[in-house]
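Comments concern the structure below.
The values are calculated or read from the model by the stated rules, or taken from the named source; none is laboratory data. The structure presented is a predicted model; accordingly, all values stated were derived computationally and were not measured. Cβ atoms come from the backbone with ideal geometry, glycine included; neighbour counts cover every protein chain shown. Areas reflect the complete protein model, heavy atoms only, side chains present, ligands, DNA and RNA absent. Shrake-Rupley method; radii C 1.70, N 1.55, O 1.52, S 1.80 Å.
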Amino acid sequence: MHRRAPIISLIGLALGLGWHTGAIAQPRAAADYITKLNAAPLLPITATSLPMTHQMAVTPPEPDLSQPKIAILLPAQTGPLAEAAKVILDGIQAAAERDGSAQWVRYDTDDQNVLTQYQQALRDGAKVVIGPLARPHIQQLLKQSIPIPTLALNTIEGKTLPRTLYSLNLAVEGEAQQLAFHLIKQGKQKPLVVRDGSPLGQRSAQAFSQVWQKQRTQSVTISALPLNQTPSDYDSVVLAVDKQTALELPTLAEGNSRYATSQLHDNQRPSHFAGIQVVDMPWLTQPDLPVVQRYPRPKEHLTHGTERLYALGIDAWRVALRLAQGQPLNTAFAGVTGELQLNSEQQLQRTLPLHTLTATTPPPSSDDSATDTTTTRE
């Protein structure tokens, strides 16, 4: 099935992020949806006259009214983010069918109606809100009071957050920080961080460096491409690059201990990726974990990049249930996107395992490869 193929390109076009949107059969490798969305600068928020809008009620049949209601604020079903929202909602539904304990209602959101839809959810008796997804929508939400637990599905910036607003996201900085902790645990002393010129590459390198310098007395060397360092002078190489860049550098740092974020982990991996250690979510790297086995896989074939959105939906539901039941989030618990624990910045921090890449078979025919629009994950 090919219906997921346009997701990444559509998002880039809709938000004006300047991502590559070339022929689908020859996609530019890139981070998955949420990571890419986080790479965009925050859009200016302007006061607007927000029209009243209708509620898109997509509910389970005959809900148990004795159960708490969870409102789900996701981009409109006919807008440019509709496919991404659909995958996330599929994950939420999969978790709701397994875990139950609450009813849910979806509310379609766009740039004009986020605040009114949130207020409608409150009037409808919601106890917890999942969403919004887009960062500009989250920034709009911060204009008003947030009286009930609200789980945003992206990063939140710009101010001290109300205690009722939480963030569950797949930001690249979190993965780079995890890499630093893994290298420290393995006893590495002298890493070389190789970054490309993209915003994600720069942010990955910076996030890694910040953790490293807090934990180690030694500084970390960051080198932009073209590489002017000799990798053999270092005990490890961190690749803060996207997949397309890595594909064009087949001999880069071979023979060294190599590490990367999930940008290099997708459905198709060339032979020179073998041996690279990446951080990625248990949903894709640890299928035997009980928490992963609990939930069904997507009904349609998805790329790794898109399937991470499905996993995000699963964990969003699980966190929302905890909020609805008054359970603490500051104690670590297993999730399909990582071990989750609330940090001091109101973010569900994800602790991620290391996974060693292996090469895959050559890509299928051009028609089949059209489904592989992302070649990592965000």
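Matching residues to (1) under 19 Å from A311 (Cβ atoms); (2) among the aliphatic types (A, V, I, L, M):
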| residue | (1), (2) |
| --- | --- |
| Q244 | no, no |
| L249 | no, yes |
| Q263 | yes, no |
| G275 | no, no |
Exercise for review: Could you list all residues from the stretch 276-305 that are modelled with pLDDT under 95, outside any loop (DSSP other than H, G, I, E, B) and open to solvent by less than 10 Å² (accessible area, probe 1.4 Å)?
Suggested key: G305
Point to revise | Near pairs, Cβ below 7 angstrom, 6+ apart or cross-chain, from the stretch 307-322 (at negative phi) to any residue that is charged (D, E, K, R) and assigned to a helix (DSSP H, G or I) | key: Y310/D90; G313/D90; W317/D99; R318/D99; L321/D99
Review point. L200 is checked against (1) open to solvent by 20 Å² or more (accessible area, probe 1.4 Å); (2) under 27 Å from G338 (Cα atoms); (3) at pLDDT below 95; (4) not basic (K, R) and fails just one. What number does that condition carry?
Key: (1)
Study note, to complete from the structure: Being touching a Phe, Trp or Tyr at 6+ places or on another chain (Cβ under 9 Å) and among the charged types (D, E, K, R) narrows K185, K190, K143 down to just K190
Practice item. State all residues of the stretch 306-339 that are out of contact with any Leu (no Cβ under 9 Å at 6 or more places or on another chain) and loosely packed, with under 15 Cβ neighbours inside 10 Å; if no residue qualifies, say none. Key: Q325, G326
Point to revise | Wholly within the stretch 65-177, helices (runs of 4 or more DSSP H) carrying at least 3 residues that are of a type in the set (S, T, N, Q) and surrounded by fewer than 22 Cβ atoms within 10 Å (Cβ to Cβ) | key: 114-123
Revision key, fill the gap. Condition set part of a loop (DSSP other than H, G, I, E, B) and in contact with a strand residue (DSSP E or B) (Cβ under 6 Å, 6 or more places away or on another chain), scope the stretch 340-356, selection most open to solvent (accessible area, probe 1.4 Å): answer is N343
Exercise for review: Please give the number of the condition P226 fails out of (1) open to solvent by less than 40 Å² (accessible area, probe 1.4 Å); (2) more than 23 Å from G305 (Cβ to Cβ); (3) not small (G, A, S).
Suggested key: (1)
Review point. Does the stretch 275-289 contain at least one residue that is charged (D, E, K, R) and over 23 Å from T356 (Cβ atoms)?
Key: no
